[in-house]
Structure formats: structure tokens, C-alpha cells
Amino acid sequence: MTEDQPSLIPGQPAQPVFRMFGVGNAGITLVDSLDALEFSGAEFAVINTDATGLATSAAPVKIQLESKLLRGLGSGGDPERSRALAEEQFSTLKSACAGADIVFILAGLGGGAGSGIAPVLARAAREAGALVLAFVTLPFECEGNRREQQAQQSLELLKPAADGVICLPGTKTAKLIDENNSIVDTFRVTGGFLIEGLRGIWQLLTRPGLIQVHFADLCNLLRDRHVENAFAYVEASGAGRSREVMERLLNHPLLDEGRALAESDAVLVSLTAGKGLTMAEINRVMDQMKRQCGHAQITMGAAEDPALKDKLCVTVIVAKQNSAPTALSLRLESRTTTNNTGTTGTGTSAVREPAASRPVRQRKPNSKMVQSQLPLSVVSKGRFDKSEPTLHRGEDLDVPTFLRRGLPLN
Amino acid sequence: MFDEANIIAGLEIGTSKICVVVGELGPEGALNIIGIGQARARGVRKGEIINPEQVEEDLRAALFEAEQMADVEIRRVFLGVTGSHIRGFNNRGVHPVVSADREITPDDVEDVVKNAKAVNLPAENTVIHAVRQHFFVDGQEGVTNPVGMLGARLEVDMHVIHGHANRIQNAIRLVRGTTLEVEEVVFNGTAASLALLTNEQKELGALVIDMGGGTTEFVVYSGGVIRHSGVLAVGGDHVSNDLAYGLKVPLSRAEKLKIEYGSAILTDAAKGQTISLTNELGMELKRVNVEHLQRIMSLRLEEVFQLIAQDLEEAGLTDYLRAGIFLCGGGSRVPGIVQLAENVFQMNVAPGHASAISGLTTALDQPEFATAIGLVKFGSLKLRKRAVRPAFSTGIKQVIGRFFTQHN
């Protein structure tokens with residue numbers, strides 16, 4: 001942590017400072033759709049390359065990365081341009097992050113501004129002494145190859161730069177949305193999913209926990225995992241709320257009807273309830289979770305929030321190990337080493353240390369696209385295609401065991 | 001000619017085969033297996049009929065074979081049923097003893113049993129078996145016959161096995177369509193455990209796992225009564241399907257590979273070994289890695305055992321299985337299955353043999369026939385019970401008369 005940072009000084013029970021950055025058009029829309037009341041205590045800021053996007057935003061802090069090169073027309077969908085611009089104004093970004101303890105970056109990758117600025121902003125925030133968590137969406141398939149590639153490249157850069165990246169592929173949400181929906185609705189729904197995840201993490205970090213989940217736990221979970229995290233936020237109320245919550249969770253579209261859980265290798269579960277969260281309820285949920293993700297490392301947190309009354313909210317973040325062999329990228333490694341020098345220090349360095357030593361992975365963007373699609377392809381059930389599925393606690397036993405347990409056959 | 005009343009036939013419509021076993025009840029009450037007929041089943045998936053026409057055809061073939069072998073005409077059968085819809089659970093019935101002297105009468109027993117049977121089933125379900133476990137008299141445990149005892153409160157534990165009424169009715173209708181009468185419907189797991197376990201083993205506590213083609217049934221006995229039962233709609237078909245998917249071979253080929261090279265545990269001999277599959281001209285089509293084959297198979301079978309183990313643990317029965325675990329069904333033929341089961345359950349496991357029945361030894365030794373043999377045994381117990389009550393000759397007539405009134 002750098003010297004000029006007001007850090008969490010022991011003895012002073014200061015609320016950590018959260019700052020949310022919306023980067024690019026998509027990011028700005030996301031930040032604007034956040035309910036400021038719900039996220040009270042957070043400071044909002046937006047960054048873009050063109051002025052028109054910024055003008056409509058309600059965020060109190062607006063940063064326009066402008067240069068004569070762009071002539072006020074934005075980055076023109078070229079992340080290299082906006083990246084160069086962001087590097088040029090690195091100090092501006094850094095000072096924007098100054099004073100924050102945790103920085104959330106919201107962006108849609110694939111376009112110009114978001115893809116270019118987000119990784120640089122993450123790095124700037126880290127150098128300014130904040131922990132960085134990025135929430136990004138990946139483009140829809142129909143948006144074309146170029147955007148997909150740009151998004152993947154940007155994601156590769158963002159992962160080492162941020163402490164954690166939570167990423168929502170558009171292809172996943174596209175399936176859930178009615179085809180006839182207008183494009184505006186589609187984007188709104190996708191953003192809604194992301195915000196749900198953000199809300200869950202927000203609650204996780206800000207509510208005083210009975211069983212606390214620290215930011216470090218979250219980072220540990222996200223670090224070095226698969227490109228695609230899955231997350232879900234569900235809530236239920238009433239007498240059978242724990243059962244209902246589990247049911248919704250297992251049917252949650254973003255968890256592939258529970259399949260994502262079975263394939264996961266690290267899961268974070270956070271339960272928040274109004275008064276009267278009982279041990280039995282926690283047990284019931286955790287038992288199910290354990291059963292669902294037999295091989296995963298599970299971290300759990302529990303908190304009470306009187307405002308929720310008799311609601312029970314469960315946030316699940318699932319990370320999956322990359323099974324494909326990956327090579328270390330020299331270019332990216334050197335980048336992280338510079339980060340190291342920038343971020344090593346005292347204070348919360350215990351949190352950050354593992355982040356610095358993490359290996360960085362990179363694959364060719366093209367092959368990655370194919371790889372990341374594989375688990376999504378529907379497994380043919382062969383002989384049992386048309387028969388009633390054998391469901392056992394949310395698991396379809398007709399699907400070969402070796403597939404469900406993720407056993408690689410070389 | 002045999003006395004027809006003493007002929008008992010068991011019919012199992014399994015996922016891989018349809019099997020008819022004929023037994024004869026001797027004058028001293030000894031059961032003798034005298035005939036077996038079987039046909040490869042088509043039109044059955046996961047223990048349930050999906051194509052009645054094909055099943056009927058196969059059933060006739062199996063029936064014909066059994067009749068030929070036993071040289072009898074089969075009129076009535078005990079029909080085995082299974083499927084994922086079948087569930088077992090324990091229920092307790094309570095009945096206050098109201099008579100002035102507090103002596104428990106047979107009427108009280110009848111009432112308490114009725115109370116225990118009146119369980120909250122889904123509307124479409126029907127009870128297949130309701131087995132009395134133990135009575136409690138004023139909380140005193142382990143009473144087997146409370147009639148004549150004194151008490152204020154009579155309770156009984158029952159194990160109720162129930163299933164989807166329409167699905168069970170489907171099988172019954174199909175059998176009736178072939179002019180056979182269905183005497184009683186029996187859960188396959190119950191039948192298999194009847195064939196395999198001796199009274200002593202039932203007393204000590206034992207688990208029977210019947211690994212069939214489409215389903216796996218399991219039944220736990222302890223203290224001489226059924227304590228737990230269940231069906232997992234996973235069987236040998238799933239193993240073949242996994243192999244077909246994992247090794248990328250057709251299902252029929254996967255089936256053959258399973259039988260020829262399959263193993264429930266990874267054998268050392270399989271490491272790095274491959275088999276080349278050839279077409280009819282002897283040309284190589286594909287090489288299959290035996291290690292993968294066995295690993296896929298082992299994972300599936302292990303999972304089945306794990307699921308059962310989990311279920312038993314939740315029911316709190318793991319410590320009651322002092323006689324160990326007995327395997328039957330085609331799945332118990334897989335090499336290494338006993339060892340795999342021992343690894344999972346950490347308990348003695350043995351392949352089961354149909355015991356306490358005499359007759360065709362070839363049939364008795366085969367684990368696939370355990371269920372059908374058990375059906376015959378179930379039938380013999382029922383007949384014996386009925387025959388004991390009324391005078392012998394009239395009794396039989398009454399029994400037969402009752403079938404007609406019941407089932408027509």
C-alpha cells in the first residue's frame with residue numbers, strides 16, 4: 001500500500017471506503033441502474049472516452065479521458081486507443097481511486113472504452129492502495145468475432161490487474177432471455193444479473209457477519225480460476241425459506257440448473273437473513289451445497305440484517321479451475337511484477353500477498369473461445385434421451401458420472 | 001400331474017430380461033424350483049414399461065419356456081415391480097386401548113395397524129407393502145405380539161413401500177392381457193432379499209443390493225424386519241451408456257466391451273492397454289483404452305454405492321448391518337464389485353446366493369434370478385399362511401375363489 005493512503009488503521013473502526021466505477025457505456029448504464037440507497041456508503045464514479053455517455057449519467061464523479069486524437073468521438077470501438085489514453089492519464093485515474101479501500105469496476109468488455117480502460121483502471125486502483133473487484137460482461141455471440149476477441153484480450157489483462165474478476169458471458173444470459181425481447185430489455189436483464197451478483201457481494205462485505213466472509217476469502221476464491229464465474233443471488237421468505245432458497249438455487253439459470261455447482265472447485269456461499277437465522281437453516285443449505293459440489297472447497301458466511309425481516313438471501317459464487325493446460329505469459333508476468341512493487345507494503349498486505357504471487361495464464365484467444373464453450377454444450381444422454389431423467393438431489397444421474405465429476409480422459 | 005394349487009410362479013419384468021420362475025410347494029412346505037424361463041427384454045427402461053407390445057411378446061416367450069421346463073401351466077403369477085417412483089419409509093401408528101381391563105385384543109392390533117397404514121401418500125400413489133416391524137406397549141419396545149398384554153397405549157412401527165398407482169397398474173394390465181392372473185404385486189427389492197437372506201441374517205442386520213439393468217434396489221433388514229428400502233434408477237444400462245459416450249463407440253459395442261473387459265476397480269493389467277475394435281472384415285476401426293473403460297465404469301458403480309451409503313447413513317442404519325452386505329442382480333457379476341463395495345461401505349460384502357430353497361442349482365446360483373426366485377418364495381409364504389387357517393381342502397378352494405373375486 002502506498003504511503004499517501006488512508007488505510008484501515010487498527011483501532012479505528014472506520015467503515016472501509018467503497019468506490020464504484022462504471023467504465024464505458026455499458027459500465028455507466030450499470031452504475032446508473034444501481035440503487036444508491038441500497039449501496040449507501042459507496043461512492044460512484046463513471047469514466048468514458050466520449051462526453052455524450054457521461055453527460056447523461058447521474059454519478060457525482062465523471063472522468064472523461066479526452067485527447068485531441070479522438071476529437072471527442074470516443075474510442076471508436078478500439079480498445080488499444082482507449083488503453084493508450086488511459087495509460088497516458090494514469091495519474092488521473094490513480095488520484096480518482098485515492099482514498100478508496102475497495103474499488104468495484106463495472107464494465108462491458110468487447111467495446112472500445114470498457115475493454116481498454118478497465119484493466120488500466122484496475123492497475124491504477126491497486127497502485128492507489130485499493131482492493132479491486134471487477135464485474136464485467138462479455139459480448140453476445142451475435143456481436144461478432146472482433147468484439148469477442150477484444151473482450152477476451154481485455155479479460156486476460158484485467159485478471160492479473162484486479163484482485164478478483166467476476167465475469168458474465170453474454171452467451172449464457174442470451175439463452176435465458178426471450179428472443180423477442182427488445183435489445184434494450186436484453187441488455188437490461190443481463191445487467192440485472194450482474195447487479196444481483198454485485199448486490200450479493202456488497203451485502204457480504206458490508207453487513208456485519210455472524211460468520212464473516214472477508215474480502216481476502218473472496219479474492220482467494222476468484223484468483224486463478226476459470227474465466228467464467230457463475231454466481232447466483234436468491235431470496236425467499238417464510239417458514240420453508242431455507243428449502244425454497246435451495247430449490248431456487250438449484251434451478252437458477254446462471255448455475256446451469258445446478259450443474260455449475262457439480263463442476264465447481266471453489267464455492268463461496270453467503271447467507272443473510274433478517275432476525276432469527278437458525279443453525280438448522282444454515283445446516284440445511286450447507287448440507288445441500290456440500291452434496292451438490294462434492295469436490296469443491298466451500299467458504300461460507302452468515303450475516304443478519306434486520307432490514308430483511310423474514311427474508312433469507314443466499315449468494316453463491318462459483319469458480320471453476322481451468323482444466324486446459326496453459327502457458328505462462330511472459331508479457332503478462334512482467335506486468336504483474338510491476339504491480340508487485342507497487343502494491344507491496346504494510347497494512348492489508350496480508351490480503352494482497354497471494355495476489356501478487358499468483359501465476360498468470362494466457363491462452364490464444366481463439367482456442368479459448370472454443371474451450372470455454374465446451375462445458376456448455378448439452379451432453380447427450382444416449383439411451384436415456386427420451387426417458388424420464390433420474391434426478392437425485394438436483395443431479396441428473398443419467399449423465400455419465402465421469403462427466404459430472406469432471407474426470408479428464410486424455 | 002402336479003397339484004396346481006401348489007405351483008407358484010414369479011414374474012419379473014426387468015430392464016434387461018423378462019424372467020419367469022416356477023416353484024412347487026411340497027407337502028411338507030418345502031419350496032422346490034422346477035422351471036425357469038427368460039427372454040431378453042425390449043421396451044423396458046429403468047424398470048418401467050415403455051413399449052407394452054414388445055414386452056408382451058417377450059413375456060410370452062419367457063412364459064412358454066418356463067412352462068415347457070416345469071411341465072405345468074402357469075395361471076397366476078406374483079409380479080415384481082420396480083422403478084424410481086417406488087419409495088419406502090417408516091411410519092408409526094398409535095392406538096389407545098380403551099377396554100376396561102386394559103387387555104389388548106386382536107381388534108386393538110388391527111386398529112393400530114390400520115392407523116399406521118393411513119399415511120400421507122400423494123393421491124396418485126398406492127401402498128405396495130406395509131410390513132409390521134415392532135409393537136410398543138406403553139412405550140415398551142420390541143413386542144412382537146401384544147395380544148393378551150396389558151397396556152394403555154399401543155403403538156406399531158410399520159415399513160410402508162409405496163409407488164405410483166398408474167405405473168404399477170400398467171404392468172398388471174399388461175400381464176392380465178396375456179391371460180395370466182396377477183396374484184400379488186411385490187417390490188423387487190423385497191423379493192430379492194427374501195431369496196438371499198436367511199432368518200439369522202435378517203435378525204443380525206443386512207443390506208441387499210440388487211443391481212439390475214435399469215434400476216438398483218436396496219433393502220435393509222435388521223432385527224428380523226425390513227427397516228429401509230429404496231430404488232435408484234441407475235443400473236447396468238447406465239454403465240453401458242457411459243462407456244458408449246466416453247469411449248465413443250456404439251451402445252451395443254459398449255455393452256460387449258463392458259462384459260468382456262469391464263471391472264469395478266482399476267486393475268493393474270489395464271494400465272496403458274488398448275483393445276482394437278475391428279469390423280467384420282477384420283480391419284481396425286478404433287482403439288479403445290482399457291484403463292479409461294474401467295475408470296468410467298468404476299466411477300459409475302462407485303457412485304451408486306456412495307448414494308446408497310449416503311441414504312443409509314441418513315437413515316442411521318449403517319451400524320445395524322452386522323451380517324454385512326449382499327449383492328445380486330446382473331451388476332454383481334462385474335469383476336471387483338465386491339471389493340469396490342467393501343471400499344465404499346467399509347463392511348463385509350458377499351455375492352448373494354438364493355438360500356433355503358432347493359431345486360435347479362443352475363438357477364439358484366445365478367445372481368440375476370434372485371428377484372424372480374424371491375417372488376416365488378414370497379408366494380410360497382403367502383400360500384402357506386393362507387393354507388394354515390382354514391381346513392385344508394376347503395381352504396384351497398376358498399383361496400382360489402377369492403382370487404377370482406378379487407381380480408376379475
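The values are calculated or read from the model by the stated rules, or taken from the named source; none is laboratory data. Being a predicted model, the structure only gives us computed values, none of them experimental. Using ideal geometry, Cβ is built from the backbone for each residue, glycine included, and neighbour counts are taken over all protein chains shown.
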Notebook entry, point to check: So which helices (runs of 4 or more DSSP H) are wholly in the stretch A:74-151 and hold at least 2 residues that are closer than 30 Å to A:ILE183 by Cα?
Noted result: A:79-88, A:113-127
Next item on the list: For residues that are on the phi < 0 side of the Ramachandran plot and in a loop (DSSP other than H, G, I, E, B), scanning just the stretch B:268-320, find the one that is farthest from the other protein chains (Cβ to nearest Cβ).
Entry: B:LEU281
Notebook entry, point to check: Name the residues in the stretch B:227-254 that are more than 10 Å from chain A (Cβ to nearest Cβ), surrounded by 19 or more Cβ atoms within 10 Å (Cβ to Cβ) and without any contact (Cβ under 8 Å) to a residue 60 or more places away in the chain, would you?
Noted result: B:VAL249
Checklist line | Hits in the stretch A:271-321 - residues which are within 19 Å of A:ARG243 (Cβ to Cβ) and in contact with a Cys (Cβ under 8 Å, 6 or more places away or on another chain) | finding: A:LEU271, A:THR272, A:ALA273
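This table checks each residue for (1) modelled with pLDDT under 90; (2) out of contact with any Leu (no Cβ under 6 Å at 6 or more places or on another chain); (3) away from every other protein chain (no Cβ under 14 Å).
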position: B:GLY26; (1), (2), (3): yes, yes, yes
position: B:ALA62; (1), (2), (3): no, yes, yes
position: B:ALA70; (1), (2), (3): no, yes, yes
position: B:GLU73; (1), (2), (3): no, yes, yes
position: B:ILE86; (1), (2), (3): no, yes, no
position: B:VAL98; (1), (2), (3): yes, yes, yes
Next item on the list: Kindly provide the set of residues from the stretch A:360-391 that are surrounded by 13 or more Cβ atoms within 10 Å (Cβ to Cβ), more than 8 Å from every other protein chain (Cβ to nearest Cβ) and at pLDDT 70 or above, ordered by number.
Entry: A:PRO389, A:LEU391
Check: For the stretch B:321-346, what are the residues that are among the aliphatic types (A, V, I, L, M) and more than 14 Å from every other protein chain (Cβ to nearest Cβ)?
Finding: B:LEU321, B:ALA323, B:ILE325, B:LEU327, B:VAL334, B:ILE337, B:VAL338, B:ALA341
Notebook entry, point to check: Is it the case that the stretch B:243-253 has a residue that's under 24 Å from the mean Cα position of the chain (by Cα) and either of a type outside the set (Asp, Glu) or not assigned by TED's automatic domain parsing to the domain that holds B:ARG322 (or both)?
Noted result: no
Next item on the list: Run A:PRO60 past the list (1) at pLDDT below 80; (2) of a type outside the set (Gly, Ala, Ser); (3) crowded, with 19+ Cβ neighbours inside 10 Å and report the number of the one that doesn't hold.
Entry: (3)
Note to self: Please go through (1) within 13 Å of chain A (Cβ to nearest Cβ); (2) under 25 Å from B:GLY189 (Cα atoms) for B:VAL219 and return the number of the only condition it doesn't satisfy.
What the structure shows: (1)
Check: Are there any helices (runs of 4 or more DSSP H) wholly within the stretch B:123-232 with 3 or more residues that are of a type in the set (S, T, N, Q) and under 18 Å from the mean Cα position of the chain (by Cα), and if so which?
Finding: B:188-196
Next item on the list: Working carefully through the options B:ASP71, B:ASP107, find the one that is among the acidic types (Asp, Glu) and either under 30 Å from B:GLY35 (Cβ atoms) or buried (at least 17 other Cβ atoms within 10 Å of the Cβ) (or both).
Entry: B:ASP71
Next item on the list: Just give me the residues in the stretch A:392-407 being more than 8 Å from every other protein chain (Cβ to nearest Cβ) and over 21 Å from A:GLU247 (Cα atoms), in sequence order.
Entry: A:GLY406
Next item on the list: Give the stretch A:94-134 a look and list any residue that's surrounded by fewer than 24 Cβ atoms within 10 Å (Cβ to Cβ), of a type outside the set (A, V, I, L, M) and under 18 Å from the mean Cα position of the chain (by Cα), or say none.
Entry: A:ASP101
Notebook entry, point to check: In the list A:ARG243, A:ARG225, A:ARG248, A:ARG199, which residue meets the criterion of being at pLDDT 75 or above, of a type outside the set (A, V, I, L, M) and within 13 Å of the chain's Cα centre (by Cα)?
Noted result: A:ARG199
Notebook entry, point to check: Can you name the residue in the stretch B:333-346 that is touching a residue at least 60 places away in the same chain (Cβ under 8 Å) and farther than 12 Å from B:PHE305 by Cα and, of all such residues, is surrounded by the most Cβ atoms within 10 Å (Cβ to Cβ)?
Noted result: B:VAL334
Notebook entry, point to check: Between residues in the stretch A:141-169 that are closer than 17 Å to A:ALA113 by Cβ and residues that are among the polar types (S, T, N, Q) and crowded, with 24+ Cβ neighbours inside 10 Å, which pairs lie under 6 Å by C-beta distance while being six or more apart or on different chains?
Noted result: A:GLN150/A:SER115; A:SER154/A:SER115
